[in-house]
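Q: Take a look at the following structure, please.
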Amino acid sequence: MKKSILFAGVGGQGVITAANIVANAALKQGENVITSELHGMAQRGGDVKCAVRIGDVYSSIIPPGTADAIISFEPMEALRNLNVVSEDGVIITDINPIIPPLVSIGIGEYPPVEDIISRMEKKCRVMAIDADSIARKAGNILTKNVVMIGAANAAGVLGIEKENILKAIKEMLKEKYVEMNIKAFEMGEESVSKYL
Amino acid sequence: MILLEKNRKAVLLGNEAIARGALEAGMDFGTTYPGTPSSEIADSISAMARYMKNNGIEPPFYFEYSTNEKVAIEMAAAAAISGLRTLTCMKHVGVNVASDAIMTYAYVGCNGGHVIVTADDPSAHSSQNEQDNRRFAKFANLPLLEPSNPAEAKEMTIEAFNISEELKLPVLLRTTTRVSHMRGVVELNEYPMEKRKGDFKPGDYVTVPEVARKLHPVLLEKMERAMEMAEKSKFNFIEDFGGSYGIITSGASYNYVREAIDDLGIKAKILKLGFSYPVPEKLIMDFLNNVEKVIVVEELEPFMEEEIRVMAQKNGITTPIYGKGFGRFTPLYEYSPQVVYPTLAQFFEIEYELKEDAVEATPRPPVLCPGCPHRATYYAVKKVAGDDAIYPTDIGCYTLGLLPPYKTADFLLCMGSSVGSGGGFALTNEKKKIISFIGDSTFFHAGLPALVNAVHHNHNFVIAILDNSTTAMTGHQPHPGNSIDGMGNEAVKIDIERVVRGIGVKHVEVVNPYNMKKTIEAFRRAIEFDGLAVVILKAPCILLDLRRRKRKIVFEVDQDKCTGCDVCINEFACPAFYREGDKIKINESLCTGCGYCVQVCPEKAIRRKK
Ligand SMILES: Cc1ncc(C[n+]2csc(CCOP(=O)(O)OP(=O)(O)O)c2C)c(N)n1
Ligand code: SF4
Ligand code: SF4
């Protein structure tokens, strides 16, 4: 068994923490798991990606065209990594663009979100959710990464028992934020129901 | 704290696994200078020490963030020669700084085990080059271990202490970004808690020429023994998946090879080298004799390949050897399944089609944080010196001044080069203004000798020291300008202004960069001054400031006053600003409330949000 999921987004969105929660949940389920992450430069608002691979895996980089899912916290970051996902895979993406500062000063363009999504739909299934609004409803924009985990799990791409994810959340987040994040997880699960 | 738990499994970063390995091996003494991708090793050790102290436990080791890598090695060498188990970690270019010490340290050797971690960065994800430090093992004559994943990283760290102690020779443990920053499942075992003292006994440790000549053959003899150890090491093993072709590999490359076996259905014998220098000759020769042809899979330099080719020639073995130049294998950039799969398919003559439909997406390079004091400095400097100055820069967050709209970075070699090169530019480009930028951590690391040089020779340029009271780029480690050290102990704070004055700089000013008018005036005076001038920009990294702040402060644009002149976006470019239709707004979740933009806006349209 092999499962490959790419978490993508922008520095500061909690991409690495999300991947880390999923990795710990996989271990709690008794699975072998590896992740890859890039630190350093990526933290200052640059693009961030983090692969989570579960099962009989060795490479921390996902071979192109083989990922079961991309979980993206920002639409253009999903597109940037499109070549990683398999045609049978699924992309779950948030729909709120973060315009790169260079685009704001006139260097490069940010395509309309609908175009990004239809470009991706040519390759595989896409589930688009407004994770920003859901996270705010759950109590704080910072719970967005857990909203995305909830969506991914409900869509069946993680293959991890909910109970193990909740245990990992409890173990890894500060106690005072746990309740809010469990709510965010459940609202995330709910958010993809229209696609299932 | 997971890193201090026992008898369980945990998902650890490669770097955390090295820190844990050191703890389990009974490390007594640890030193570092931070640098990606090595930083989390030392940061984990620092976190363990502080956690223990906060819980009333005396840490079983001493640890420090040294001023630079050379000092880190010298500190650790003294502990190791006194019989203690010692760890020093750094990024690949850090070894260049430490190399003066390391080259002779190899002659002198150690008594307690000393593990020197070099974290290399193929693809230069966060570095100024992608040098291959396996070459240092051969250059200095030091044994080399190369883990492929976190579990191995922990095991090899422990074993490296043993090897070092047995040979009385420091051992290099080399990771790459993909190993340092890979998470994987690691077993957490017991670790000792007693604190040991060193016991220095004088010996042949003063490397005058006569002693050096005596120690050099001793070193070569140690390396012969190291070769014998490598022949038998459990980290050098063969996996037989059938067929008659062979693969020799190490480090992260092994992971791509091993997975290709499954994904491509390859039949091969893999020789994996974990104890990879000295390259075990007998093991390699036996392997070559048992395969029809072999391919060496290694990132960057053809390090193993060259060794193997020489050995084969010496032993009269003619098995064809493939490596760099075959398929997609070059000395450039990191390997990945994208590089390794098609190349192995070609070597094993099997059908394989790589799915490469890369999508063009607008790049999103990292930028200075909203509210970063460096942005304020660059904005002010640009007002005074414009585009016709030369801006030698240095390494840190502030290197991001390279990007438009600031473009305040023209030349960079290594840490400290802004000050060294500033004098060179000043002497050779007479009509230009020269303004060098250097961060506080970098100033202590390598700026000081260059400043002495500039003062002594009366060089005429401006040095801007960006004092944000931390080593921000690599994860906010403390430096000699801070009052708390890496163990959480009180430390003597070194005052940069007094240092600079003490060295003899005549024109020194300290300003708060968030005050635009005063900063502009200070730079104007510094540029006009005939001689070396130093401006110290003193304001903490905004991320440190935010941690201390109780209430969130944000600013907003008064839409009645805003004329859409775009100065805030086009010239100042704080990433919290964005356009919505023809309106300019501030993204509240990004704004850090520094308030600088109020001074930038010519229409006085920006105000604090109530
Ligand atoms: C020899 C060497 N050691 C370490 C590094 C890694 N490194 C990059 S920037 C930096 C320090 C930056 O600190 P500072 O100068 O205070 O600037 P800041 O990031 O705080 O703006 C370090 C340690 C390096 N590039 N070269
Ligand atoms: S981390 Fe600090 S110094 Fe670095 S860009 Fe952000 S605010 Fe500036
Ligand atoms: S106050 Fe202005 S300059 Fe400072 S972070 Fe907010 S928007 Fe940016």
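Q: How many residues are surrounded by fewer than 24 Cβ atoms within 10 Å (Cβ to Cβ) and in contact with a strand residue (DSSP E or B) (Cβ under 6 Å, 6 or more places away or on another chain) if we restrict to segment A:130-154?
A: 0
Q: Would you check which residues across segment A:118-142 are more than 13 Å from every other protein chain (Cβ to nearest Cβ), outside any strand (DSSP E or B) and within 16 Å of A:ASN81 (Cβ to Cβ) and list them?
A: A:GLU121
Q: For segment A:110-118, check the following and say yes or no: at least one residue is surrounded by fewer than 20 Cβ atoms within 10 Å (Cβ to Cβ) and hydroxyl-bearing (Ser, Thr, Tyr).
A: Among the residues of segment A:110-118, at least one is surrounded by fewer than 20 Cβ atoms within 10 Å (Cβ to Cβ) and hydroxyl-bearing (Ser, Thr, Tyr), which makes the answer yes.
Q: Looking only at segment A:39-93, count how many residues are aromatic (Phe, Trp, Tyr) and more than 7 Å from every other protein chain (Cβ to nearest Cβ).
A: 1
Q: In addition: When residues of segment B:513-555 are filtered for being β-branched (Val, Ile, Thr) and farther than 18 Å from B:LYS382 by Cβ, how many remain?
A: Going through segment B:513-555 one residue at a time, the tally reaches 5.
Q: Here are some residues: B:CYS594, B:CYS601. Which one is more than 10 Å from every other protein chain (Cβ to nearest Cβ) and within 16 Å of ligand 2 (Cβ to nearest atom)?
A: None of the other options fit; the residue is B:CYS594.
Q: Could I ask something else about it? Going through B:ASN236, B:ASN255, B:ASN289 one at a time, which residue ends up being among the polar types (S, T, N, Q) and more than 26 Å from B:TYR333 (Cα to Cα)?
A: Just one listed residue meets the conditions, B:ASN289.
Q: Also: When you go through B:GLY439, B:GLY401, B:GLY481 one by one, which is the residue that is within 14 Å of chain A (Cβ to nearest Cβ) and either of a type in the set (A, V, I, L, M) or within 16 Å of ligand 2 (Cβ to nearest atom) (or both)?
A: Exactly one residue qualifies, and that residue is B:GLY401.
Q: If we only count helices (runs of 4 or more DSSP H) wholly inside segment B:250-339, which ones have 1 or more residues that are on the phi > 0 side of the Ramachandran plot?
A: B:251-264
Q: So, in segment B:572-598, how many residues would count as being out of contact with any strand residue (DSSP E or B) (no Cβ under 9 Å at 6 or more places or on another chain) and either among the polar types (S, T, N, Q) or more than 12 Å from ligand 3 (Cβ to nearest atom) (or both)?
A: 5
Q: Right, B:LEU451: in a helix (DSSP H, G or I) and within 16 Å of ligand 2 (Cβ to nearest atom) or not?
A: Spelling it out, it is not the case that B:LEU451 is in a helix (DSSP H, G or I) and within 16 Å of ligand 2 (Cβ to nearest atom).
Q: Go through the residues of segment B:548-568 one by one and say whether even a single one is within 16 Å of ligand 1 (Cβ to nearest atom), more than 14 Å from chain A (Cβ to nearest Cβ) and either of a type outside the set (Ser, Thr, Tyr) or touching a strand residue (DSSP E or B) at 6+ places or on another chain (Cβ under 6 Å) (or both).
A: Scanning segment B:548-568 turns up no residue that is within 16 Å of ligand 1 (Cβ to nearest atom), more than 14 Å from chain A (Cβ to nearest Cβ) and either of a type outside the set (Ser, Thr, Tyr) or touching a strand residue (DSSP E or B) at 6+ places or on another chain (Cβ under 6 Å) (or both).
Q: Sticking with this one: More than 16 Å from ligand 3 (Cβ to nearest atom), more than 27 Å from B:PRO331 (Cα to Cα), among the acidic types (Asp, Glu) and at pLDDT 95 or above: is that true of B:GLU130 in this structure?
A: So B:GLU130 fails the test.
Q: If you don't mind, another one. Filter segment B:352-406 down to residues that are among the polar types (S, T, N, Q) and away from ligand 3 (no atom under 16 Å from the Cβ) and give me whichever is surrounded by the fewest Cβ atoms within 10 Å (Cβ to Cβ).
A: Only one residue fits best here, namely B:THR362.
Q: Moving to a separate point now. Let me confirm something: among B:SER436, B:SER418, which residue is assigned to a strand (DSSP E or B), more than 9 Å from ligand 1 (Cβ to nearest atom) and free of Cβ contacts under 8 Å to residues at least 60 places away in the same chain?
A: Sole residue among the options that is assigned to a strand (DSSP E or B), more than 9 Å from ligand 1 (Cβ to nearest atom) and free of Cβ contacts under 8 Å to residues at least 60 places away in the same chain: B:SER436.
Q: It is to be established whether one or more residues within segment B:154-166 are surrounded by fewer than 24 Cβ atoms within 10 Å (Cβ to Cβ), over 21 Å from B:GLY251 (Cβ atoms), at pLDDT 95 or above and more than 16 Å from ligand 1 (Cβ to nearest atom).
A: Within segment B:154-166, one or more residues are surrounded by fewer than 24 Cβ atoms within 10 Å (Cβ to Cβ), over 21 Å from B:GLY251 (Cβ atoms), at pLDDT 95 or above and more than 16 Å from ligand 1 (Cβ to nearest atom).
Q: Check whether at least one residue in segment B:582-599 is surrounded by 14 or more Cβ atoms within 10 Å (Cβ to Cβ), in contact with a Ser or Thr (Cβ under 7 Å, 6 or more places away or on another chain) and not assigned by TED's automatic domain parsing to the domain that holds B:ALA522, and report yes or no.
A: Scanning segment B:582-599, I find no residue that is surrounded by 14 or more Cβ atoms within 10 Å (Cβ to Cβ), in contact with a Ser or Thr (Cβ under 7 Å, 6 or more places away or on another chain) and not assigned by TED's automatic domain parsing to the domain that holds B:ALA522, so the answer is no.
Q: Pull out all pairs, ordered by first then second residue, where Cβ-Cβ is under 6 Å, the residues are six or more apart or on different chains, the first lies in segment B:533-546 and is near ligand 1 (Cβ under 10 Å from one of its atoms), and the second is assigned to a strand (DSSP E or B).
A: If the second residue must be assigned to a strand (DSSP E or B), no pairs are left.
Q: Follow-up question, since we're still on this one. Take the residues of segment B:89-109 that are surrounded by 24 or more Cβ atoms within 10 Å (Cβ to Cβ) and out of contact with any helix residue (DSSP H, G or I) (no Cβ under 7 Å at 6 or more places or on another chain): which is farthest from B:THR32 (Cα to Cα)?
A: Here the answer is B:HIS92.
Q: Any chance segment B:415-436 includes a residue that's within 14 Å of chain A (Cβ to nearest Cβ) and out of contact with any strand residue (DSSP E or B) (no Cβ under 6 Å at 6 or more places or on another chain)?
A: no
Q: Going residue by residue through segment B:169-180, is there one that turns out to be farther than 17 Å from B:ALA252 by Cβ, in contact (Cβ under 8 Å) with a residue 60 or more places away in the chain and assigned by TED's automatic domain parsing to the domain that holds B:ILE73?
A: Yes, because at least one residue in segment B:169-180 is farther than 17 Å from B:ALA252 by Cβ, in contact (Cβ under 8 Å) with a residue 60 or more places away in the chain and assigned by TED's automatic domain parsing to the domain that holds B:ILE73.
Q: In segment B:1-27, how many residues are away from every other protein chain (no Cβ under 14 Å), in contact with a strand residue (DSSP E or B) (Cβ under 7 Å, 6 or more places away or on another chain) and surrounded by fewer than 24 Cβ atoms within 10 Å (Cβ to Cβ)?
A: Qualifying residue count, segment B:1-27: 2.
Q: What is the residue count in segment B:293-350 for residues that are within 14 Å of another protein chain (Cβ to nearest Cβ), over 18 Å from B:VAL179 (Cβ atoms), in contact (Cβ under 8 Å) with a residue 24 or more places away in the chain and not hydroxyl-bearing (Ser, Thr, Tyr)?
A: 2
Q: List every residue pair whose Cβ atoms lie under 6 Å apart, where the two residues are 6 or more positions apart in sequence or sit on different chains, the first residue falls within segment B:6-18 and is part of a helix (DSSP H, G or I), and the second residue, located anywhere, is small (Gly, Ala, Ser) and buried (at least 24 other Cβ atoms within 10 Å of the Cβ).
A: Going by the 6 Å Cβ cut-off, the qualifying pairs are B:GLY14/B:ALA153; B:GLY14/B:SER180; B:ASN15/B:SER180; B:ALA17/B:ALA153; B:ILE18/B:ALA153.
The values are calculated or read from the model by the stated rules, or taken from the named source; none is laboratory data. Since the structure is predicted, the reported quantities are computational estimates derived from the model, not experimental observations. All Cβ positions, even for glycine, are placed from backbone atoms using ideal geometry, and neighbour counts span all protein chains on display.
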